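These notes are about the structure you will find just below.
The values are calculated or read from the model by the stated rules, or taken from the named source; none is laboratory data. None of the values given here were measured: they were computed from a predicted structure. Heads up, the Cβs are rebuilt from the backbone with ideal geometry, glycines too, and the neighbour counts pull from every protein chain shown. In case anyone asks, the SASA skips ligands and DNA or RNA and just uses the protein heavy atoms, side chains included. Shrake-Rupley method; radii C 1.70, N 1.55, O 1.52, S 1.80 Å.
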Amino acid sequence: MEAGTLTPLASRPRGARQRREVVQRQLADVVEGLLRSRRWATLRVEEVAGALGMTRTAFYRYYPDLGAVLLALLRDLAGAIQSRGAAWWGPPPPADPAGMAARGASLRAAAVGTAEIFADHLHLLRAVLDAGASDEGIERAYRAIVEGFVAAGARRIAAEQALGTVDPGLDPEQTAAALVWMSERYLGTVLGRPEAPSPAAAGEVLATIWWRTLFGREPGAGGGPLMGQG
């Protein structure tokens with residue numbers, strides 16, 4: 001959101017709690033907007049507060065520092081990724097042809113959705129990595145979010161093993177860690193480059209790798225639809 005489009009404070013909700021949430025959201029929008037063209041290290045509280053006509057002192061009523069704003073944005077991002085892939089991160093469907101097709105569809109939705117969110121918010125992810133280099137709290141928070149997806153992946157793998165769809169010899173935790181961290185590094189590295197694949201293409205790459213690793217078959221007929229679906 002551009003600073004010029006922000007809603008004036010006077011027109012915001014009157015309830016103290018609701019007003020606080022609105023102002024926190026607006027401050028977060030300012031930070032994310034600035035990060036689209038600026039590096040994290042150049043941001044200042046005065047600049048962010050000033051975009052809302054606030055003083056530095058007023059800013060601290062809503063956030064203890066800019067790092068807290070970044071963490072709020074990061075949590076929103078994690079929630080969006082979780083939402084886009086909710087069917088994949090949850091319990092598996094039955095181990096029948098229809099269930100295998102549903103697996104393919106949910107895995108593709110999760111992979112492509114994650115790639116699209118990464119592409120739309122690369123500036124934010126880069127700021128998190130920049131900030132995390134000197135702020136242990138932000139680094140821990142980011143790692144905890146990724147590890148949350150690792151844990152969800154491990155639960156899904158274990159559930160699939162119980163159904164007989166995934167090789168019981170795979171270690172759920174280590175396999176999930178390898179797949180999730182590989183995906184995070186891949187998307188953070190290739191997206192945004194001039195020669196980068198589209199987010200949809202990058203998501204298809206990840207979906208195919210996950211599918212072949214877990215289910216040991218080619219995507220498509222008999223293996224669940226991953227490719228060529230809108």
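Side notes on the structure shown:
- When restricted to residues that are in contact (Cβ under 8 Å) with a residue 24 or more places away in the chain and either open to solvent by less than 10 Å² (accessible area, probe 1.4 Å) or of a type in the set (S, T, N, Q) (or both), segment 87-109 contains 4.
- Looking only at segment 1-32, and only at residues there that are outside any loop (DSSP other than H, G, I, E, B) and modelled with pLDDT under 75, the one that is most open to solvent (accessible area, probe 1.4 Å): ALA10
- Selection count, segment 53-86, where residues are open to solvent by 80 Å² or more (accessible area, probe 1.4 Å) and in a loop (DSSP other than H, G, I, E, B): 4
- When the test is whether a residue is open to solvent by 20 Å² or more (accessible area, probe 1.4 Å), more than 26 Å from PRO197 (Cα to Cα) and small (Gly, Ala, Ser), ALA151 passes it.
- If you go through segment 192-203 and keep only what is at pLDDT 95 or above and in contact with a helix residue (DSSP H, G or I) (Cβ under 6 Å, 6 or more places away or on another chain), you end up with PRO199, ALA200, ALA202, GLY203.
- LEU170 being modelled with pLDDT of 95 or more and not in a helix (DSSP H, G or I): yes
- Among the residues of segment 173-200, those that are outside any loop (DSSP other than H, G, I, E, B) and among the aliphatic types (A, V, I, L, M) comprise ALA176, ALA177, ALA178, LEU179, VAL180, MET182, LEU187, VAL190, ALA200.
- Test: residue in segment 37-51 that is closer than 27 Å to VAL112 by Cα and open to solvent by less than 20 Å² (accessible area, probe 1.4 Å): no
- Test: LEU124 is within 29 Å of SER198 (Cα to Cα), in contact (Cβ under 8 Å) with a residue 12 or more places away in the chain, open to solvent by 20 Å² or more (accessible area, probe 1.4 Å) and not in a loop (DSSP other than H, G, I, E, B): no
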